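Below you'll find the structure, written out as structure tokens, and then a few comments.
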Amino acid sequence: MVNSKVYTDRRRHLKEKVERGIILILGNNESPVNYPDNTYHFRQDSTFLYFFGIDYPGLAGVIDIDNDREIIFGDDVSIESIIWMGPQRSMADRAAEVGITETMPFGKLSDYIEEAANAGRKIHFTPPYRGDNMMLLSDLTGFHHNEVKGKSSVELIKACVDLRSVKEPWEIEELEKHMIVAYEMHTTAMKMAQPGNTEQQVTGILEGISMSGGGMVSFPIICSVHGETLHNHYHGNTLKKGDLLLVDAGSESPKHYATDHTRTSPVGGEFTQRQKEIYQIVVDANNTSREATKPGVPYRDAHLVAAKVIASGLKDLGLMKGNVDEAVAAGAHALFFPHGLGHMLGLDVHDMEDYDQIYVGYDDEIRPSDQFGLAYLRLGRRLQPNFVITNEPGIYFIPALIDKWRSEKHLEQFINYDKVETYKDFGGIRLEDDILVTETGCRILGERAPIDIGDVEQMVKSGKTE
Ligand code: GLY
């Protein structure tokens, strides 16, 4: 149950972690598409949502640690706004709902910050990622707008990461409840994986399911017969028999918690033998790395488990060769699996990525790798109960990467380039679930969308119209 205590507790915990000064958390503003009154869907800043909970533009929250004050800065709406937007609650009412009793007009924010800065007090803020808030922070702090990001508070970032990484029971409930929308999106995509349908049609239907289910998509949908392009946002292809349709899509819950799943379906309902062989390796990598996902285990290790399953499976098919452990240690599997196993999930699809991934996915013990492939792993550190993360191994045949490595004879002791050459038209397969780290291991959130070969084929066939 979300009530004011959720937010007062969070702010209290934050104050315990940041020693002194002022914490300034800017909300987001409406963002114009092509003229000021035609805006994108409003999306509140996630840090603001987490600590102040008000899903409304034009606000800033201040936690004044030294003086034990919590203030929301924002303006009550004018009669003109009421005419266009309908009756609105007062700022005081909105603030009271999240346990704040002190509000001030937005225009007073600069006086408050200036006074504190003049008194030599530290102003803590997280890195801005929108131009308007970058400019505002520049005005408020006196730093040039190009410098503002670098002046953000590592102490505040680390405190926010500590709190937000471990999901509260109601957050898990909210996520789990919304998994029904994710399931509907992905089973619909499977049913629509029919020759003659277009990627654009599938994408549009999925966006509609997300919106009808409570919120906008949590990131631009990847829906492509060229799954080998990891973040493929081109939707211009018409599906044909024999294609693999990769759909990586997620939805925001009403409280803005993100889902993020990927499934890959055979257009028309039957995998070819070659597709089955590669697909099964990805299923095995997904299941085996999930079994290795436990509290206390670095997620980097689960990533390497997936990498070994992939290298071993590809060796069995004659695409890789040599000792599997040595191949993975050298990074040879990354020709086929060039991204990380997963990332944190929460109010953002890549949760807290605005703080800089180094603070979210790594720590003093586990540092990022600079090896190609492993370097893209967003979450390497040890897992804790109630982390919510993605598990998303994949195998891709990326012609430009194959050509590059082959021309350089890169790691040729582990890769059978002649055979790989014959897979350059294969595409890509990714299989992604959202998982909750529990006290003893982990579990998949929500009903698992079909993933085994027979179940996927059956779901696709159930969508045939003739
Ligand atoms: N599912 C999209 C991503 O993780 O980047």
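Bear in mind these aren't lab numbers, they're just calculated from the coordinates by the rules spelled out. Every value quoted in this text rests on a predicted model; they were computed, and no experiment measured them. So basically every Cβ, Gly included, is an ideal-geometry build from the backbone, and we count neighbours across all protein chains shown.
Data overview
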quantity	calculated
Zone residues, the stretch 18-61, relative to residue 135, backbone N less than 12 Å from point 7 Å out along Cα-to-Cβ	32
Backbone HN-Hα couplings from phi across the stretch 405-413 [Karplus 6.51/-1.76/1.60, Hz, Gly and Pro as x]	4, 5, 5, 8, 6, 5, 6, 5, 5
Residue order, fewest to most beta carbons within 10 Å, for 426, 106	106, 426
For residue 198, residues with placed amide H under 5 Å, excluding near neighbours	239
5 angstrom amide H check on residue 268, placed H, neighbours 5+ away	194
Residues 186, 145, 256, sorted so that the one with the fewest Cβ neighbours within 10 Å comes first	145, 256, 186
Estimated vicinal HN-Hα couplings, Hz - the stretch 48-58 in sequence order (Karplus 6.51, -1.76, 1.60; Gly, Pro = x)	5, 4, 5, 9, 10, x, 8, 8, 8, x, x
Amide H contacts under 5 Å for residue 69, placed H, 5+ residues apart	64
Fewest-first sequence of 410, 233, 350, 261 by Cβ atoms within 10 Å of each Cβ	233, 410, 350, 261
Kirkwood hydrodynamic radius over Cα pairs of the chain, then Stokes diffusion coefficient at 20 °C and 1.002 mPa s, in µm²/s	90 µm²/s
Hz values of 3J(HN,Hα) by residue in the stretch 69-79 - Karplus curve (6.51, -1.76, 1.60), Gly and Pro given as x	10, 10, 10, 9, 9, x, 9, 5, 7, 7, 4
